[in-house]
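These notes are about the structure you will find just below.
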Amino acid sequence: MSIGIARKLAVLALALPLLATACGGDDDTSTGDAAGADTAAADSEPSGSLKLGYFPNVTHAPAIIGVEEGLFADALGDASLETFTFNAGTEASEALLSESIDATFIGPNPAINAFAKSDGAVTLVAGTTSGGASLVVAQDIDSPEDLAGKTLATPSLGNTQDVALRAWLADQGFQTDETGGGDVTITPQENADTLTTFQSGDIQGAWVPEPWATRLVNEGGGKVLVDESDLWTETDGQFVTTHLLVRTDYLEEYPANVKALIEGLLDAIDEANGDAAQAQTITNDGIEKITTKRLGDDTIAGAWENLEFTSDPVAASLQRSADDAIEVGLLDPVELDGIYDLAILNELLAERGEPEVEGL
């Protein structure tokens, strides 16, 4: 389905404020089996329909591969699949909470906001992508100290990269605020606009996900000042960029459909980690089909090197993302207990002879 239709759905959706105020559930287990999906029900045949959201971004490569290669549709069998594309996490989460869609690939902070706002009406069931975000700056900036008085961009206020930048600047001793004031000005804007304003010199850097970090280097003449993976020492450089979020009531009613979706995702992740050139071509074809624009071969190849495709949701990084958002004033305190249900994923991983993953 087109981006235009997805936007209409988002407009009709229930409002989801960016700043979350509610709390999550109480259940918690070592495997993240918080919602308690019925394994026997998951072993039944898929039925009904599944409405799935994803983004035309390289960080959503397994989702794109799953759609383009028919992996999701094949796994769902007789259950019908309808896809919707979004450009922002807030749009996708609004559509999910309004029941316009049943599941979506999404970034960490929008997932946290949706879980907190809805009091547990959404559940994370699998990881997808780790890594692939950097602070790219102009050539004359050589250290954090050089950022004083400069203007930096992020994709949107309160999104994952925006929180990461504000938290990192705070660690460097800089003050920022939501209106662009402080020691360093932060200007949230569309990634395409960021490339243009960086090229023109109106901004001096940006904390952005791939492929935009690579594009700022290749097309904007910038350089990487901070590779975000270097900041995640407690998770060996891993941090969640994209994961799979479903409506909790859909998971409870159609566990077999969710199991099929995760089966397709595991196959798509295998393809993404297989022949890189082929996987990049499939992903680029999918992006071009949706946006009518194709990434340059050097851009997608460069971005690919900075991404890790994994079903592990890297739960520890989600908790830190929430803590950072709270620390910089973009999120009210929230308990994330119950945000994960990894029972179906771990069942499928066991069948493949792969190790289980953990939630919070």
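The values are calculated or read from the model by the stated rules, or taken from the named source; none is laboratory data. Please read these numbers as outputs of a predicted model, since none were measured by experiment. Neighbour counts run over all protein chains shown; Cβ positions are idealised from the backbone, glycine included. When the accessible area is computed, the model is the full protein with side chains, heavy atoms only, and any ligands, DNA or RNA have been set aside. Shrake-Rupley method; radii C 1.70, N 1.55, O 1.52, S 1.80 Å.
Tabulated results
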item	result
Residue that is of a type outside the set (D, E, K, R) and open to solvent by less than 10 Å² (accessible area, probe 1.4 Å), where the choices are Leu135, Leu157	Leu135
Cβ pairs under 7 Å, 6+ apart, first in the range 339-360 and farther than 15 Å from Val314 by Cα, second assigned to a helix (DSSP H, G or I) and of a type outside the set (A, V, I, L, M, F, W, C)	Ala343/Thr39; Ile344/Pro255; Ile344/Lys259; Glu347/Thr39; Leu348/Glu263
Qualifying residue in the range 132-139 (condition: more than 30 Å from Asp270 (Cα to Cα) and either part of a loop (DSSP other than H, G, I, E, B) or at pLDDT below 95 (or both))	yes
Any chance Glu327 is modelled with pLDDT under 95, of a type in the set (Asp, Glu) and open to solvent by 20 Å² or more (accessible area, probe 1.4 Å)	yes
Selection status of Thr187, at pLDDT 95 or above, open to solvent by 30 Å² or more (accessible area, probe 1.4 Å) and assigned to a helix (DSSP H, G or I)	no
Test: residue in the range 234-243 that is surrounded by 21 or more Cβ atoms within 10 Å (Cβ to Cβ), touching a residue at least 40 places away in the same chain (Cβ under 8 Å) and of a type in the set (Ser, Thr, Tyr)	yes
Residue tally, condition assigned to a loop (DSSP other than H, G, I, E, B) and either free of Cβ contacts under 8 Å to residues at least 12 places away in the same chain or in contact with an Asp or Glu (Cβ under 8 Å, 6 or more places away or on another chain) (or both), over the range 304-332	4
Residues within the range 96-131 that are more than 25 Å from Trp212 (Cβ to Cβ), of a type outside the set (A, V, I, L, M) and in a loop (DSSP other than H, G, I, E, B), tallied	6
Members of the range 21-78 that are more than 15 Å from Ala126 (Cβ to Cβ), among the aliphatic types (A, V, I, L, M), under 24 Å from the mean Cα position of the chain (by Cα) and at pLDDT 50 or above	Val58, Ile64, Val67, Ala73, Leu76
Asp119 vs. criteria at pLDDT 95 or above, more than 19 Å from Thr196 (Cα to Cα) and among the charged types (D, E, K, R)	no
Residue ranges of strands (runs of 3 or more DSSP E) in the range 200-269 with at least 3 members under 30 Å from Leu50 (Cα atoms)	240-247
Identity of the residue in the range 293-303, in contact with a helix residue (DSSP H, G or I) (Cβ under 6 Å, 6 or more places away or on another chain) and assigned to a helix (DSSP H, G or I), that ends up surrounded by the fewest Cβ atoms within 10 Å (Cβ to Cβ)	Gly302
Residue list for the range 140-161, filter: part of a loop (DSSP other than H, G, I, E, B) and touching a Pro at 6+ places or on another chain (Cβ under 9 Å)	Pro155, Ser156, Leu157, Gly158, Asn159
Residue list for the range 281-292, filter: open to solvent by less than 70 Å² (accessible area, probe 1.4 Å) and either assigned to a loop (DSSP other than H, G, I, E, B) or touching a residue at least 40 places away in the same chain (Cβ under 8 Å) (or both)	Ile282, Thr283, Asp285, Gly286, Ile287, Ile290, Thr291
Breaking point among (1) free of Cβ contacts under 8 Å to residues at least 24 places away in the same chain; (2) outside any loop (DSSP other than H, G, I, E, B), for Gly274	(2)
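This table checks each residue for (1) of a type in the set (Val, Ile, Thr); (2) over 19 Å from Val67 (Cβ atoms); (3) modelled with pLDDT under 95.
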position	(1), (2), (3)
Gly222	no, yes, no
Val226	yes, yes, no
Thr235	yes, yes, yes
Gln238	no, yes, no
Thr242	yes, no, no
Arg247	no, yes, no
Leu251	no, yes, no
Ala256	no, yes, no
Leu261	no, no, no
